[in-house]
Amino acid sequence: MDAKLEGWRFATEFNARWRMAELLRGIQPPRTDQIDAIVDALEAGKIRQEEWETLPKPERLFVGRSRRDPARRGMYAALEISIVVDTKDVRRAADRAETLRKCGLDAIAVVGGREVTAVAKDLAAERAVEVLVDRGEPEE
């Protein structure tokens, strides 16, 4: 199977919303007014056009309250999905969460994949990026 097609298939099967329940409660996609806050930050010069363009697609941006700290409500999670998570994925997720924070939003970075390289695990710990591993369905 073509690598891009396999990656797309994995991202679709990853079931991001279900997996994000490990980190957030009351998960919702961002509402229009929440997206407006990001657009307002762009228009006010708080973020650059390039940062705007790298923000995650709506199906990879979640809003909820933290499982670990329920007082943190309206927390955004920017998810990067890859079959094998590497340092590039970790950096991209961390950068996207930082862009959301520049918009005045409480945001965390999250990577998800079937495998995570050792170097990516180290970088994720260093940059406070949450890691979700989905090993797939058990073989019968």
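The values are calculated or read from the model by the stated rules, or taken from the named source; none is laboratory data. None of the values given here were measured: they were computed from a predicted structure. Don't worry about glycine lacking a Cβ; one is built from the backbone with ideal geometry, like all the others, and counts go over all protein chains shown.
Annotation note: Cβ proximity below 8 Å between a residue of region 1-23 that is modelled with pLDDT under 70 and a residue that is in a helix (DSSP H, G or I) (sequence gap 6+ or interchain) occurs for Met1/Arg9. Comparison of Lys121, Lys88, Lys46 shows that the only residue that is touching a Gly at 6+ places or on another chain (Cβ under 9 Å) and not hydrophobic (A, V, I, L, M, F, W, C) is Lys46. Here Gly45 meets each of (1) under 25 Å from Arg19 (Cβ atoms); (2) over 15 Å from the mean Cα position of the chain (by Cα); (3) in a loop (DSSP other than H, G, I, E, B) with one exception, condition (1).
Within region 33-45, does at least one residue satisfy the condition of being in contact with a strand residue (DSSP E or B) (Cβ under 8 Å, 6 or more places away or on another chain), β-branched (Val, Ile, Thr) and either more than 23 Å from Arg91 (Cβ to Cβ) or loosely packed, with under 14 Cβ neighbours inside 10 Å (or both)? Break it down stepwise before answering.
Applying the first criterion (in contact with a strand residue (DSSP E or B) (Cβ under 8 Å, 6 or more places away or on another chain)) to region 33-45 yields 34.
Among the residues that remain, those that are also β-branched (Val, Ile, Thr) are: none.
No, there is no match, as no residue in region 33-45 is in contact with a strand residue (DSSP E or B) (Cβ under 8 Å, 6 or more places away or on another chain), β-branched (Val, Ile, Thr) and either more than 23 Å from Arg91 (Cβ to Cβ) or loosely packed, with under 14 Cβ neighbours inside 10 Å (or both).
Might you check whether a residue that is touching a Lys or Arg at 6+ places or on another chain (Cβ under 7 Å), at pLDDT 95 or above and not in a strand (DSSP E or B) occurs anywhere in region 55-67? The answer is no, given that none of the residues of region 55-67 is touching a Lys or Arg at 6+ places or on another chain (Cβ under 7 Å), at pLDDT 95 or above and not in a strand (DSSP E or B). Taking (1) closer than 24 Å to Ala41 by Cβ; (2) of a type outside the set (A, V, I, L, M); (3) modelled with pLDDT under 95 in turn, Glu130 satisfies each apart from (3).
Selection of strands (runs of 3 or more DSSP E) fully inside region 68-140 by the criterion of at least 3 residues being surrounded by 23 or more Cβ atoms within 10 Å (Cβ to Cβ), within 12 Å of the chain's Cα centre (by Cα) and on the phi < 0 side of the Ramachandran plot returns 75-81, 107-113.
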